[in-house]
Structures are given as C-alpha cells and as structure tokens.
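Okay, so here's the structure we're looking at.
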Amino acid sequence: AAAASWIEALRALDLLRQKRGMPIILIGHAQVEKIENPEGEDYSRYSPRLHHKSAAPVLEWVDAVLFCGYKVFTKSVDNGFDRKTAKALGGGDRVIRTEGRPYCSAKNRYDWPFEIPMEKDFDWSTLFPVLAPATNNKQETK
C-alpha cells in the first residue's frame, strides 16, 4: 500500500513540475541498513528512510539523492592480544556526497563532483539555480 501511495504522489508531483514548472525537492532522513554481500563480508550503509517497497520508485524518479554528513577518518588501535579496533577521528567537516558508495546511497543526473564541501553558510542555489532569489534589475530613477 505504501508503494502505491508513493507512485500516486510522484505522478502528482510530475504534474506540478510539468504544468507549473515547479521544482520538486524531497527532504528526508537516513537509516542504516544491513547489506548482505554475496561476494564477501556483509556491511552497513546509509540509505533513505523509506519502506523497502517504496524506495525503488522514489529513487528512480528523483534526479538527485544527496547524502549530507561529516567526513570521518578512522585509525586502527591495537588493543593487545592481537586485537585491533577502529577509532573514529575528525567529523567536523560537513560534505554533500552526490554518488553512491558502499557506505551510502546517493546519485545525481547533473555531473556534480562526488563530494561537495558544505560550509555553514552553504548556498543551495549553487546546485539548484532555480532556488536563487529573484533579483530586481530595475534601476531607480532619480
């Protein structure tokens, strides 16, 4: 039922985009999902928090799936007795990832670079010019 509702919503959004020229931006949260890897060890990755049957039609419909997160580096720490663990370092620099990797779902149809720095005052209109505020080019008469 959720997938059918999403397909109906996407058709309605298509009408808005085509008939009214409206840009459509969907914002959501991520979830961690377990990937069963038939070629090796299983792993986890971030993906959009959608019902598994709803995810496919939504992700096919959108032009971009962007994953915003922090750059995280790991360092191997020796715990003794031949045991090692990874310790996370960094995490202060926010980035937008525009292409999928094993650790996150992402895509774009705009040929954007894989990673875009996301400063505190990041201007989304650099990615989506339609979001730029309209400027008033009229000159005042004196």
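Key figures for this structure:
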item	result
Point-to-point label distance, Lys71-Leu127, nm (Cα→Cβ direction, 7 Å offset)	1.7
Solvent-accessible heavy-atom area per residue, rounded to whole Å², over the stretch 10-105 at 1.4 Å	76
Most to least accessible of Lys71, Lys120, Lys87 (protein chains only, probe 1.4 Å)	Lys120, Lys87, Lys71
Net lengthening on full extension, Lys34/Ala2 (0.36 nm per residue, minus Cα-Cα)	9.4 nm
In sequence order, calculated HN-Hα J values of the stretch 110-123 (Karplus, 6.51, -1.76, 1.60; Hz; x Gly/Pro)	10, 6, 6, x, 4, 10, 10, x, 10, 5, 4, 9, 4, 9
Which labelled figure in (1) 121; (2) 103; (3) 171 is volume of the Cα convex hull per residue in Å³, once derived from the coordinates	(3)
Longest exposed-site-free window of the chain, the sites being GluC sites (Glu not before Pro) in a DSSP loop that have at most 16 other C-beta atoms within 10 Å	42-98
Among Pro38, Ala4, Gly100 - extreme Cα towards positive end, dipole of the chain, charges at beta-carbon	Ala4
Accessible-area composition of the chain, carbon plus sulfur, in percent [1.4 Å probe]	52
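The values are calculated or read from the model by the stated rules, or taken from the named source; none is laboratory data. Keep in mind it's a predicted model, so treat the numbers as computed, not measured. FYI the Cβ positions are ideal-geometry reconstructions off the backbone, even for glycines, and counts take in every protein chain you see. Quick note on the areas: whole protein, heavy atoms, side chains included, nothing else; ligands and nucleic acids left out. Shrake-Rupley method; radii C 1.70, N 1.55, O 1.52, S 1.80 Å.
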